[in-house]
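Below you'll find the structure, written out as structure tokens, and then a few comments.
The values are calculated or read from the model by the stated rules, or taken from the named source; none is laboratory data. What you see is a predicted model; the values in this text were computed from it and never measured. Ideal geometry is used to build each Cβ from the backbone, glycine not excepted, and the neighbour counts take in all protein chains shown.
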Amino acid sequence: MHARRRLELIIERMAAPRACKILETSGLTGYTVLPAISGFGGDTRWSRDADMSASSDMVVVVSIGSDDKVQAALTELERLLGSHIGVLSVGDVQVLRPERF
Amino acid sequence: MDIALATLLSPIVLFFLLGLAAALLKSQMTIPEAFAKGLAIYLMMSIGLKGGVAISEGDLGLDAGLVMVSAVALSFLLPVIAYALLRLTTRLNEVDSAATAAHYGSISIVTFVAAGQAINAAGLQTSGYLVAVAALMEVPAIISALIIAHRGAGQGENVAGSHRGELAREVLLNASVVVLLGSLIIGWISGAAGMKAIEPFFVAPFQGVLCLFLLDMGLSAGRGLRNGWRQLGPGTVAFALYMPLISGLLAAGVAALNGMGPGDAALLITLAASASYIAVPAAMRLALPKARPSVYLTLSLGITFPFNLIVGLPLYIWLARAISPGAS
């Protein structure tokens, strides 16, 4: 197994394309976007079934890559989160096929 | 009084109230998200087609053109008034006020559909070109609100990852505009003969589908209200109740100046009085991401939409009759 970094970004759906573009330009080789159902934050509860426009829906963007690529993405993602609602975390993971990340 | 009671006791309003009550009582009832989106597209296709067929039968003249121009001008103006009132009477900051103002200048297509039913039930006729008016009134308010917001420092910043054209695409090519205008054009081209072939799907089941959709709207409004009420002060709640009346009065003036009939006037008043909760929130998340959706969504969907449906519609029909020449 080989050490890599895992980036997890919970962000509003409308801003997800912006986040994904940042990941792509940072050289990360892939990411996955997952839907979120409901949550609480900023003194407000939210849920997918309370917003007809789906504009306040949240998604989770997961990407795995080398430390330098994740660091490059973090600088821009920090700027993005200056404007949009979201939570970003990074952790260490082990991968089976390192050439893919 | 009869119109008010008939509107309140109509199946669409009763199903809305059922959904609202279920959500406020924390019922677990849900309508699958994808199904609800399908219903919304069906309703927009149906009214677009009907409007297009009406236009193909000679519903579009100089008078209609003047109404369209007036309606667009009104949609540009309403956010300016809404913003000024929000800044004067509430504690909302500049960005929240601008984003909320955009919602109140744009329109709610579901309120428009419900109004069409109530107006027809009141024995009044409406013109097909008003579907085009509805589509045209979706966008100008967003532009007005962005101009207002960008006057404030720091609101013109370039958000990381954004790219040219994304906002224009969201605003001009959102589902409401594409489906409404697209169906209107298809109805216009195919005419009454073409409509006959698809009538069993798009006309007969319309009322039932609307009931189902309003049930979902009630659930959404109730849950939005439950989730977001903490963000609202009394002044903000009051705004969501008096702003539709101000918009409605201005639209009544426009209708009177254009000599519109009572049915068309009632629809225009309803359009102006309604607040968007589908197209504008999406645009605001891109253009003004620092604005709080819990404020503008709760106001437009949780307060103004139920207000318009239950109290507003009979009032707007009464107002339209009062200002229209020859109306009884």
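Restrict the check to region A:56-77 and report whether at least one residue is under 24 Å from residue B:34 (Cα atoms), at the interface with chain B (Cβ under 9 Å from one of its Cβ atoms) and not aromatic (Phe, Trp, Tyr).
Yes, that holds for at least one residue.
Go through (1) at pLDDT 90 or above; (2) within 16 Å of residue B:143 (Cα to Cα) one by one and return the number of the condition residue B:280 breaks.
Failing condition for residue B:280: (1).
Within region B:259-303, count every residue that is in a helix (DSSP H, G or I) and under 15 Å from residue B:99 (Cβ atoms).
Within region B:259-303, residues that are in a helix (DSSP H, G or I) and under 15 Å from residue B:99 (Cβ atoms) number 18.
Have a look at B:300, B:274, B:294 and point out the one that is within 14 Å of chain A (Cβ to nearest Cβ) and at pLDDT 95 or above.
B:274
What pairs come up if the first residue lies in region B:67-79 and is in a helix (DSSP H, G or I), the second is aromatic (Phe, Trp, Tyr), and their beta carbons are under 7 Å apart, counting only those six or more places apart or on different chains?
Between residues of region B:67-79 that are in a helix (DSSP H, G or I) and residues that are aromatic (Phe, Trp, Tyr), the close pairs are B:78/B:104; B:79/B:104.
Does residue B:264 satisfy the condition of being among the acidic types (Asp, Glu) and within 21 Å of residue B:120 (Cα to Cα)?
Against the criterion (among the acidic types (Asp, Glu) and within 21 Å of residue B:120 (Cα to Cα)), residue B:264 qualifies.
Please work out if residue B:131 is within 30 Å of residue A:81 (Cβ to Cβ), touching a Ser or Thr at 6+ places or on another chain (Cβ under 9 Å) and either touching a residue at least 60 places away in the same chain (Cβ under 8 Å) or part of a helix (DSSP H, G or I) (or both).
In short, no.
Going by what's in this entry, would residue A:63 be described as closer than 21 Å to residue B:231 by Cβ, surrounded by 21 or more Cβ atoms within 10 Å (Cβ to Cβ) and among the small types (Gly, Ala, Ser)?
No: the conditions fail for residue A:63.
Tell me, which residue of region A:11-31 that is of a type in the set (Ser, Thr, Tyr) and either assigned to a helix (DSSP H, G or I) or more than 22 Å from residue B:166 (Cβ to Cβ) (or both) is nearest to the other protein chains (Cβ to nearest Cβ)?
Out of the qualifying residues, it is A:25.
Within region B:81-115, which residues are crowded, with 24+ Cβ neighbours inside 10 Å and not in a helix (DSSP H, G or I)?
B:92, B:106, B:107, B:108
Kindly list, by first and then second residue, each pair from a residue in region B:289-310 that is among the aromatic types (Phe, Trp, Tyr) and buried (at least 23 other Cβ atoms within 10 Å of the Cβ) to a residue that is at pLDDT below 90 and outside any helix (DSSP H, G or I), limited to pairs with Cβ atoms under 7 Å and residues at least 6 apart or on different chains.
Going by the 7 Å Cβ cut-off, the qualifying pairs are B:305/B:277.
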